[in-house]
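Okay, so here's the structure we're looking at.
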């Protein structure tokens, strides 16, 4: 049953709609926070401060904050249409030019139902009040445009085949855009003629206003309960419920002094920390999830949540469109509402008789609303109830997050392996999907792991056919506290793409040279350790750092061999050659790792920089069954003998495979037949035992 639920939740969270909406709303967080903080600073409820802003020398600052607030919240719906269209197109993997056309089409459809140029136009439809219409029309217009583009006749392709430049796309978009815009405007006109109400957001407001009015006539408690439930349910789906229902709140829930529930009552005792009573989420995360990603996010979001701006939490955890947190997100406000309503009816709290600004911090708002500590006490009880309600769901969400992240890591590794097989350059960090998200999270964790030396090296012995162990290859390992062992090529990719490769390689060089020093202290005979670098390694002063480290630790250069992976595309040929020459002059032996028959390998093999080639597992694993592989391996060995280059075979896993390699002329092996990658002390013991025999 649990697995069924997991799959169901994953399916919902990974749905096209969920990705589009969450991405679109996430992109306008800066807009929301900028406007919200401006409002909070402007309306901060301290009398001397308000006197200074409104009647003293701070009037210019008040006007400035108002302009910022209106300039952000006042275009909220327009911005949402743009981000919905952008997210929709990006999720479809459209080109940049097509993304722009999706945005243009969505804006045209949204504008067509605003009644521009008529007496029914209301500028409020551009702001937060119209966000439902923005999301609804933005998404549907993109869906319609996507379907219309499949009709080649509508795209006028027969007329644009010989054209060039940007006008081709514009002409091809002409008819689909016209159909979508006309459809939006026509539907608005039709419904307006039937109902007398023009504008999508006004239709919705009218329906909910009528529902609340009918209930309010019967029960203030039930109308408040309906409002509380509806607002938070809308927020769960990414709709700014309090803004959408602003007109309803103004007409139905003003502060009158003779009824318990009002919009101010809701803001003070229910929307603590923002929708969903997310101050309870904040405290729960800070208390019980401090070391987790969500706990760190809570620390970052604390300042904004104080002013009831919770977008960093609702989209960062995420709560929006997260089925696990639906129940507490919607019902915690209902519980707080019932507690505060009961406290008022019982006479513990006075009926609210004056407005309290929605951005007033918790505690201050409770005191201003009640005029005493009682308001603060009711807020505290509501927050505590919210913590207890949220906590089990947050724990489930944490387990689910780990489960999803592990799946995403496996998908990331699979995609990286595909790129390796295709010799294609991966681009994960800039992606907007879950692969990009997990890549960026892993990069942050990698930086932390490098800084705190949480990575480590293992050593896989290399053995001659006569049983002599000549040394080992140092292999990088990272045991992530959540995701377990990380695929080593993924570590290197993250370091390269995240521009921390020099820091990683300094760590590797330090660890390996320390290992050489420790081995030398316990083992008298000659040995060597080989370490891997990539083409990107040669683009910083790695040879200088190696020389400096070797001199400081008094290590001979012949004890440290350098392996360069064959699959790396060596674009900076002049730089590579110069760096290879420097490493060669220092006395290091150079190896080509994962050797195949690519042009790059042969080119550098004939350059006489390399002393050893290592046969990749793709050649050695199927050797017993593949005569073609046997011929390739024999050719490489013979070529190496002619050029004075030795050969080491990797992934040697059984004696038959080793014996065949020996017959073909390869006499040095690395693989599980001899030993798995070992910790340093285990490797030293292994080498002693092998060579004493």
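The values are calculated or read from the model by the stated rules, or taken from the named source; none is laboratory data. These numbers were taken from a predicted model, which means no experiment stands behind them. In this analysis, Cβ positions are derived from the backbone assuming ideal geometry, glycine residues included, and neighbour counts consider all displayed protein chains.
Failed condition for residue 539, given (1) over 28 Å from residue 686 (Cβ atoms); (2) surrounded by 18 or more Cβ atoms within 10 Å (Cβ to Cβ), with all others met?
Every condition holds for residue 539 apart from (2).
Report those helices (runs of 4 or more DSSP H) wholly inside the range 32-114 carrying at least 3 residues which are under 35 Å from the mean Cα position of the chain (by Cα), crowded, with 18+ Cβ neighbours inside 10 Å and touching a residue at least 40 places away in the same chain (Cβ under 8 Å).
Result: 76-91, 96-112.
Can you tell me which residue within the range 542-552, out of those that are under 42 Å from the mean Cα position of the chain (by Cα) and surrounded by fewer than 15 Cβ atoms within 10 Å (Cβ to Cβ), is farthest from residue 579 (Cα to Cα)?
Checked the range 542-552; the qualifying residue farthest from residue 579 (Cα to Cα) is 552.
Can you name the residue in the range 265-283 that is assigned to a helix (DSSP H, G or I) and more than 14 Å from residue 319 (Cα to Cα) and is also farthest from the chain's Cα centre (by Cα) among such residues?
265
Answer yes or no: is there a residue in the range 374-397 that is over 23 Å from residue 331 (Cα atoms) and surrounded by fewer than 16 Cβ atoms within 10 Å (Cβ to Cβ).
No, because not a single residue in the range 374-397 is over 23 Å from residue 331 (Cα atoms) and surrounded by fewer than 16 Cβ atoms within 10 Å (Cβ to Cβ).
Can you tell me which condition residue 360 does not meet? The list is (1) in a helix (DSSP H, G or I); (2) under 37 Å from the mean Cα position of the chain (by Cα), and all the others hold.
(1) is the only condition that residue 360 fails.
Please identify the pairs in which a residue from the range 177-196 that is free of Cβ contacts under 8 Å to residues at least 60 places away in the same chain has its Cβ atom under 8 Å from the Cβ atom of a residue that is assigned to a helix (DSSP H, G or I) and surrounded by 15 or more Cβ atoms within 10 Å (Cβ to Cβ), counting only partners at least 6 apart or on another chain.
Partner pairs satisfying both residue conditions: 179/144; 179/148; 191/203; 195/203; 195/206.
Among residues belonging to the range 308-323 that are free of Cβ contacts under 8 Å to residues at least 60 places away in the same chain and under 20 Å from residue 405 (Cβ atoms), point out the one that is surrounded by the most Cβ atoms within 10 Å (Cβ to Cβ).
Checked the range 308-323; the qualifying residue surrounded by the most Cβ atoms within 10 Å (Cβ to Cβ) is 313.
What residue, among those in the range 424-455 that are over 21 Å from residue 26 (Cβ atoms) and not in a helix (DSSP H, G or I), is modelled with the lowest pLDDT?
The qualifying residue modelled with the lowest pLDDT is 424.
Out of curiosity, is residue 683 touching a residue at least 24 places away in the same chain (Cβ under 8 Å), buried (at least 20 other Cβ atoms within 10 Å of the Cβ), in contact with a strand residue (DSSP E or B) (Cβ under 9 Å, 6 or more places away or on another chain) and over 16 Å from residue 475 (Cα atoms)?
No; evaluated as a whole, the condition is false for this residue.
Quick check, is residue 335 assigned to a helix (DSSP H, G or I), out of contact with any strand residue (DSSP E or B) (no Cβ under 7 Å at 6 or more places or on another chain) and surrounded by fewer than 16 Cβ atoms within 10 Å (Cβ to Cβ)?
Judged against the criteria, residue 335 is not a match.
Can you tell me which of 224, 164 is modelled with pLDDT under 65 and on the phi < 0 side of the Ramachandran plot?
164
Looking at (1) at pLDDT 90 or above; (2) surrounded by fewer than 19 Cβ atoms within 10 Å (Cβ to Cβ); (3) closer than 26 Å to residue 87 by Cα, can you tell me which one residue 403 breaks?
Among (1) at pLDDT 90 or above; (2) surrounded by fewer than 19 Cβ atoms within 10 Å (Cβ to Cβ); (3) closer than 26 Å to residue 87 by Cα, residue 403 violates only (1).
Within the range 521-535, track down each residue that is surrounded by fewer than 18 Cβ atoms within 10 Å (Cβ to Cβ) and assigned to a helix (DSSP H, G or I).
Passing the criteria: 521, 522.
Of everything in the range 338-352, what is surrounded by 23 or more Cβ atoms within 10 Å (Cβ to Cβ) and assigned to a loop (DSSP other than H, G, I, E, B)? Give them in sequence order.
Result: 349, 352.
Go through the range 663-680 and count every residue that is closer than 15 Å to residue 469 by Cα and assigned to a helix (DSSP H, G or I).
Residues that pass the stated criteria total 1.
Taking the range 119-142 only, how many residues are more than 14 Å from residue 246 (Cβ to Cβ) and in contact (Cβ under 8 Å) with a residue 40 or more places away in the chain?
Going through the range 119-142 one residue at a time, the tally reaches 9.
Out of (1) crowded, with 21+ Cβ neighbours inside 10 Å; (2) closer than 21 Å to residue 21 by Cα; (3) over 24 Å from the mean Cα position of the chain (by Cα), what's the single condition that is false for residue 327?
Only one criterion is unmet by residue 327, namely (1).
Considering only residues that are under 26 Å from residue 583 (Cα atoms), assigned to a loop (DSSP other than H, G, I, E, B) and in contact with a helix residue (DSSP H, G or I) (Cβ under 9 Å, 6 or more places away or on another chain), which ones fall in the range 612-662?
Once the filter is applied, which keeps residues that are under 26 Å from residue 583 (Cα atoms), assigned to a loop (DSSP other than H, G, I, E, B) and in contact with a helix residue (DSSP H, G or I) (Cβ under 9 Å, 6 or more places away or on another chain), the range 612-662 yields 645, 650.
Looking at the range 476-503 only, could you name the residues that are touching a helix residue (DSSP H, G or I) at 6+ places or on another chain (Cβ under 7 Å) and assigned to a loop (DSSP other than H, G, I, E, B)?
478, 482, 483, 487, 498, 500
Failed condition for residue 460, given (1) in a helix (DSSP H, G or I); (2) surrounded by 15 or more Cβ atoms within 10 Å (Cβ to Cβ); (3) at pLDDT 90 or above, with all others met?
(1)
Which numbered condition trips up residue 254, out of (1) at pLDDT below 75; (2) surrounded by fewer than 18 Cβ atoms within 10 Å (Cβ to Cβ); (3) assigned to a helix (DSSP H, G or I)?
(3)
Go through 420, 355, 415, 454 for me and flag whichever is more than 29 Å from residue 477 (Cα to Cα) and surrounded by fewer than 19 Cβ atoms within 10 Å (Cβ to Cβ).
On inspection, the qualifying residue turns out to be 355.
Of the residues 187, 177, which single one is under 23 Å from residue 91 (Cβ atoms) and modelled with pLDDT of 75 or more?
The conditions single out 177.
Does the range 289-298 contain at least one residue that is in a loop (DSSP other than H, G, I, E, B), within 24 Å of the chain's Cα centre (by Cα) and without any contact (Cβ under 8 Å) to a residue 12 or more places away in the chain?
Yes; the residues of the range 289-298 include at least one that is in a loop (DSSP other than H, G, I, E, B), within 24 Å of the chain's Cα centre (by Cα) and without any contact (Cβ under 8 Å) to a residue 12 or more places away in the chain.
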